[in-house]
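Working notes, beginning with the structure itself.
Coordinate-derived values only; no laboratory data. Because the structure is a prediction, the values reported are computed rather than measured. No Cβ is skipped: glycine too gets one built from the backbone with ideal geometry, and neighbour counts run over all protein chains shown.
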Amino acid sequence: MDVTSTEAGDVRDAVRVCPHFHAAVELIGKRWAGAILWALSERPHYFAELCLAVPGVSDRVLSQRLRELEAEGLVVRSVEDGNGARPRVSYALTDKGHALRPVLRELHAWAGEWNANGRSGRSGVRRS
């Protein structure tokens, strides 16, 4: 078989993935990032609350993901005076992060349907 042809058609006709879309999917799809964004879509959380909202994530990975999401402008970190105690750090979505809420809601709905229909594993390839 020629490199420029496949079973489905000519490789030159392949749809290229938009680099902006790819970067966004890679960011949201990083382990725990989607769950963190989902938790923050409801309201701001303190670090300890996020640990409870996203079971299984380690403190180290949660800190790392929050830093990455902050660097991308999706999350803002706020340090509050602890009134003599240790300062409290909270995290909230920025306007850019809030713009993801409809996407997260749709993904949440799709995941519920997908899992409810017993499709939690890989199935055959669907071709249009």
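For the Cα trace of the range 31-116, dividing Rg by the Kirkwood Rh returns an Rg/Rh value of 1.01. Simple spin-label estimate for Ala111 and Tyr46 gives 2.5 nm between the two label positions (7 Å along the Cα-to-Cβ direction from each Cα). Here the contact order of the range 31-116, divided by its residue count and restricted to Cα pairs under 8 Å and six or more residues apart, works out to 31 percent. Converting phi to 3J(HN,Hα) with the Karplus coefficients 6.51, -1.76 and 1.60 and the offset θ = phi - 60°, the range 29-45 yields x, 4, 3, 6, 4, x, 5, 5, 4, 4, 4, 6, 5, 7, 5, x, 9 Hz in sequence order, with x at every glycine or proline.
Backbone N atoms of the range 70-93 closer than 18 Å to the 7 Å Cα→Cβ label point of Glu26 belong to residues 70-74.
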